[in-house]
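Each remark here refers to the structure printed beneath this line.
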């Protein structure tokens, strides 16, 4: 195993940056990329609006080596800790162009009057840059998805969407293309060993292999696990916590493995949700539907499948639909691996069957059987970038006579954990799948759950939503 280093290296624009976070004044392992940029002269274009990944004013673009080429993704700089930049290229609005030499997305914003006050504009043009580099003549749906994570209060989105359509027609060619060979060379020479940062206040580990990660977890069991950090970063940016020990799994290749065969999908816990979304569109449409309304593209480029499951949030978007698909969770420790059904994995409020020494390694999602139908539902105040008020992951199997042979009605937002409606399921099992039986079973939801009232909904409202989702599920399966 290569010796871990306390130095992080990345390319800022076309300049190599080496930071030793053991002794760099003002920068700690939990300094966000946004705060790092704004502390440097000439890099204040990225703005802080919400500090939680909702407004997109801090959007930057990361370049990562992929099969010998650079892959460009837009992310929220307020949610990324400095060590997560290691081995990547960081592009900000300052790298786009100048007043005398505008980038095509900047020129298009001017031509379509896409900016008024200008506070949000740097974030928008960086989202447009990622779109420009990845899509030629994108569809309306692709443009809207790319801009979902950017908030504008004064210009309106039509002119910005027009700028996207106007600019994204040159196959991604720009001045970054001209410098790609040089950047690839710089990135290729950055050391691939793990990172181990120890300061007076912080320990930050970013291992380069699963075995190294498990060894660290065994020796430092209390260490906080992160991957994309879209949830944990809020403890720093919003709650001002000083996280003393972090194990960052974002550079562990074994956790990014994906595969599929005749039985289903194998997806590493460290695979970004945007990648999962594109993978499962054809074969697991209910999972795709939920991911399509998960956060924003910037969030999905960071957030991971294992992170969403491991947080065990009672309003997490993915656990209900993974329960409906009867997914299996693979846990790994230095003592070996074990597999647990998703339906049994969550044990209470933000608690799971994962022990202190284990890491979520992967998720196996089988294809539904020929006679099984799966649907997912999310009720929230906004379509995009919102937390679930109530969510559901439902599956049903029927025999040739139309009788229910198996059923899973898993809900989020109805209890302290993602939970199945056990009494309701029992009432439907073995019965004909018809409106009469559905209407009778719906009332049992009130016996299955005791929802709370909070800022998103009253308990009574949640109960109504949960009952109505069963009727919607029946309606959808009868089409």
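The values are calculated or read from the model by the stated rules, or taken from the named source; none is laboratory data. It should be emphasised that the depicted structure is a prediction, and the values quoted were computed from it without experimental measurement. Don't worry about glycine lacking a Cβ; one is built from the backbone with ideal geometry, like all the others, and counts go over all protein chains shown.
Some notes on this structure:
- A single entry from 254, 282 fulfils the requirement of being farther than 24 Å from residue 456 by Cα, surrounded by fewer than 24 Cβ atoms within 10 Å (Cβ to Cβ) and free of Cβ contacts under 8 Å to residues at least 12 places away in the same chain: 282.
- Options 188, 196, 164: the member that is under 23 Å from residue 301 (Cα atoms) and in contact with a strand residue (DSSP E or B) (Cβ under 9 Å, 6 or more places away or on another chain): 188
- Residue list for the range 356-379, restricted to those being part of a loop (DSSP other than H, G, I, E, B), over 20 Å from residue 411 (Cα atoms), touching a strand residue (DSSP E or B) at 6+ places or on another chain (Cβ under 8 Å) and at pLDDT 95 or above: 357, 358, 367
- Test set (1) closer than 21 Å to residue 248 by Cα; (2) surrounded by fewer than 23 Cβ atoms within 10 Å (Cβ to Cβ); (3) touching a residue at least 60 places away in the same chain (Cβ under 8 Å) - residue 68 fails condition number: (1)
- Residue 145 more than 26 Å from residue 98 (Cα to Cα) and either at pLDDT 95 or above or outside the structural domain of residue 14 (by TED's automatic domain parsing) (or both): yes
- Residue 441 vs. criteria farther than 11 Å from residue 467 by Cα and crowded, with 16+ Cβ neighbours inside 10 Å: no
- Selection count, the range 99-117, where residues are without any contact (Cβ under 8 Å) to a residue 60 or more places away in the chain and either buried (at least 24 other Cβ atoms within 10 Å of the Cβ) or under 22 Å from residue 297 (Cα atoms) (or both): 5
- Wholly within the range 41-98, strands (runs of 3 or more DSSP E) carrying at least 1 residues that are out of contact with any strand residue (DSSP E or B) (no Cβ under 7 Å at 6 or more places or on another chain) and over 22 Å from residue 303 (Cβ atoms): 69-76
- For the range 380-409, the set of residues classified as surrounded by fewer than 20 Cβ atoms within 10 Å (Cβ to Cβ) and in a strand (DSSP E or B) consists of 397, 398, 403, 404, 405, 406, listed by residue number.
- Every residue from the range 287-310 that is touching a strand residue (DSSP E or B) at 6+ places or on another chain (Cβ under 9 Å) and within 26 Å of residue 357 (Cα to Cα): 302, 303, 304, 305, 306, 307, 309, 310
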